[in-house]
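A.B. asks: First the structure, then my questions, so here it is.
The values are calculated or read from the model by the stated rules, or taken from the named source; none is laboratory data. Worth saying up front: this structure is predicted, and the values here are computed from it rather than measured. Positions of Cβ are generated from backbone atoms using ideal geometry, with glycine treated the same way; all protein chains shown enter the neighbour counts. The accessibility values were calculated without ligands, DNA or RNA, using every heavy atom of the protein model including side chains. Shrake-Rupley method; radii C 1.70, N 1.55, O 1.52, S 1.80 Å.
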Amino acid sequence: MAVRLSGKVKTRSRMVSDNVELLQQAVEYFTTVKERTPSNGNLHLDTIESIAFDKGLSPDVIESLVDVAMSARLVDRFNIRLLKCLIPASVVPECAVTNAISWMCTRKPTITVQVLFIRWLITVFDLLDSKKQLHSLYGIIFFYLQNDKLCPYICHLLYLLTKKENVKRFRVKKLIDLQAKMGMQPHLMALLLLYKIHAPEYVCLACAGQPKNLQVSGSFWKKAIERVQNNGYRQLSRPPELVNLTEPPMRKRKKKMHRELIPVVSSAPHLTEQSCSLMQSKSFPLEQLATFFQLLDNFDRIEIAICQSRFVSSLIEFADCSGDSLQREKEFIEFLNIIIRTQEFLQEGFSCCEDFVFKSLSLYDSLWCSSQILALLTRISPSTDMISFYFDPLMKLFFTSSIYFKCSVIESLTSLLMKWLTWHSVCVADLDRDIPNVLQSPQNVTLSGLVNSVSELVEFTARISIVALQMEAYNSLLLHFILNFYETVSDMYLKYNLPLVILPPAGIIYPALLSLESVSLNQLCHIMYRYRTNLTALKSLDSSTNAQIGLKVNRKTFQQYNAFMKAAVSCLWTTRNFEQDIHPMGIGIEYNLLAQTKVPDPVSSFTLVNHPALMGHAINFTQKGWPNGKKRLHAIQGKTWNWYVEYLYNQGLDGLKHFLESCIHTVSSSEH
């Protein structure tokens, strides 16, 4: 019995050796044959086909045959047969694919051969030993979208290759142009949907749903690969304990037992590398998540689309970190940080997070997860009823917390406003739409709806800022964050294409104008300069545009701005501050009240020379110009005044410079 078994082994070994020799001869024939050889190679091609479909081909053989087929040295029917018999026994070398794409650039292979190659590449995509070089060819592959026959398969290949850094505005525009030319093709729509996930600010089409995995074209390759792997010619890459997570019914297990052990050839993006185990891969299947701790450990390996699933949404809302367990609280904070990073990556918020933020603002104090909750607040939708759901509980927390929390809240509201305005500006710019059109933002908000939400946000911030300044004795740090908010508000039209101007209230303007810090004064002047520029641009809009968008340049807004401009210039330049006749915004103070302050010469106490925020510059100016001390501050007038103004401009006070240069001529003329 032992002798017979040994004989069988020797016979089998001899057969394998013969097959290897025959395969080597066949490959050598095709790699050395002259161009356009007729049907002399049928016998060698039969040998390759029989071995390929029985046991598969090694990586070096695949590399050689792909090069032969794509170089077009043979007639097309040979090239097609070679491509069809490329059944990998283990992995596919990436160099074979990159060389083939290089041959495509020479235009030597026919369109039929190119289509067949791309279909094969899609089928074996998960079997590539690496994809680094292939990713570097993304731009070259994208170029082939313009070929009508290649376009569906190139879209599929790009779908598998696309990363966030590959999504560019010009590529989105090209896909939209192709869609306009070819109609609503599923392959173009699938790629656009994937682009929208990575960069929603570039893709503003109303695409319902999420991209689905495209079907693999070339089922004969897939079946042949599964059959070769089922015969045991490829090492398993999954750990045994993770194989039967979803067991079939008992009566079917016998049929499917072997097939379940084989890594399925699929075209789903971001799948595991076949040469690594699942636990070492870059993706993690959702169905294997069993605990909250597994989610924390593997969140960065879960596909992006999974983050929109009900399972993860439920974890956000129902995760319990109450009690005395510090470890559980740290884990929950880590989970929130992961959600925040995911939202920043996707550039959009999750609806479940909005519910969590509302619940947190209503039930907790400003110490528990404050930074995480405020970060989630910056991603809420502009279509939300802000006043009733978020502003009221936020206001209670704001007024009962420290000054640092107040600054954090103002900073978060600034970030929220910028995100809303950015959505609008990107949509208008990318789609080249007129202002009156419906805004195709991620929340499908109309222009009027966004204007209402922005107005409510700005008015709410103004209310809490005025009260907070009074509570905190006009703290410079708090004032800085408030002025940062109004830097965004002042430029809403020219920078973000939103035809809206909302001026700061007097309770914010005048504390900044009379501030002890030159930074605050300079920042206020910069803000008012931007208001002037935006108002001038808005005024130039024709009446038909104003009527279409339902907005108009409010005359009262211009009056308020002009009143502040006169007050500021009178304070800084003409020493007529606090006079009631020139201050319709309410800064006028009776002279007898000013006398009670016992401030010497209160009329000129806030000029460019004597202003508390600028007095340090004035003293430095006189010390540098007249070291002997003969020049006093009151002597800065006439030519010396002009020198001093130039000196201030050279100290980095650009906001002060732009504001005065934009309005001082007009005011001076009117005064004369």
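A.B. asks: I'd like to verify a number: residues in the stretch 641-665 that are at pLDDT below 80 and surrounded by 13 or more Cβ atoms within 10 Å (Cβ to Cβ), how many?
C.D. replies: Keep residues of the stretch 641-665 that are at pLDDT below 80, which gives 663-665.
Those still in the list that are surrounded by 13 or more Cβ atoms within 10 Å (Cβ to Cβ) too: 663-664.
Residues meeting the conditions: 2.
A.B. asks: Any idea which of 538, 469, 524, 478 is buried (at least 19 other Cβ atoms within 10 Å of the Cβ), touching a Cys at 6+ places or on another chain (Cβ under 7 Å) and assigned to a helix (DSSP H, G or I)?
C.D. replies: 478
A.B. asks: What tally of residues in the stretch 620-640 results from selecting those that are surrounded by 13 or more Cβ atoms within 10 Å (Cβ to Cβ) and either at pLDDT 85 or above or among the polar types (S, T, N, Q) (or both)?
C.D. replies: Initially, the stretch 620-640 is screened for residues surrounded by 13 or more Cβ atoms within 10 Å (Cβ to Cβ), giving 621-622, 625-626, 631, 633, 635-636, 640.
Of the ones still in play, those that are also either at pLDDT 85 or above or among the polar types (S, T, N, Q) (or both) are 621-622, 640.
Summing the residues that are surrounded by 13 or more Cβ atoms within 10 Å (Cβ to Cβ) and either at pLDDT 85 or above or among the polar types (S, T, N, Q) (or both) in the stretch 620-640 gives 3.
A.B. asks: Filter the stretch 79-113 for residues that are in a helix (DSSP H, G or I), under 25 Å from residue 228 (Cα atoms) and open to solvent by less than 10 Å² (accessible area, probe 1.4 Å) and give the result.
C.D. replies: Scanning the stretch 79-113 gives 79, 82, 83, 96, 97, 100, 113.
A.B. asks: When you scan the stretch 500-518, how many residues do you find that are part of a helix (DSSP H, G or I), surrounded by fewer than 20 Cβ atoms within 10 Å (Cβ to Cβ) and touching a residue at least 60 places away in the same chain (Cβ under 8 Å)?
C.D. replies: 1
A.B. asks: For the stretch 53-64, what are the residues that are surrounded by fewer than 23 Cβ atoms within 10 Å (Cβ to Cβ) and assigned to a helix (DSSP H, G or I)?
C.D. replies: Hits for the stretch 53-64 are 53, 54, 55, 59, 60, 61, 63, 64.
A.B. asks: Among the residues of the stretch 443-466 satisfying the criterion of being among the β-branched types (Val, Ile, Thr) and surrounded by fewer than 19 Cβ atoms within 10 Å (Cβ to Cβ), which is farthest from residue 203 (Cα to Cα)?
C.D. replies: 466
A.B. asks: If the Cβ limit is 7 Å and pairs must be 6+ apart or interchain, which residue in the stretch 165-189 that is touching a residue at least 60 places away in the same chain (Cβ under 8 Å) pairs with which residue that is open to solvent by 90 Å² or more (accessible area, probe 1.4 Å) and part of a helix (DSSP H, G or I)?
C.D. replies: As it stands, the answer is none, since no pair meets every condition given.
A.B. asks: Next question, about the same structure. Give the stretch 361-402 a look and list any residue that's surrounded by 15 or more Cβ atoms within 10 Å (Cβ to Cβ), at pLDDT 75 or above and among the small types (Gly, Ala, Ser), or say none.
C.D. replies: 370, 375, 381, 401
A.B. asks: Looking only at the stretch 67-78, which residues are out of contact with any strand residue (DSSP E or B) (no Cβ under 9 Å at 6 or more places or on another chain) and either assigned to a helix (DSSP H, G or I) or within 14 Å of residue 120 (Cβ to Cβ) (or both)?
C.D. replies: Selection gives 67, 69, 70, 71, 76, 77.
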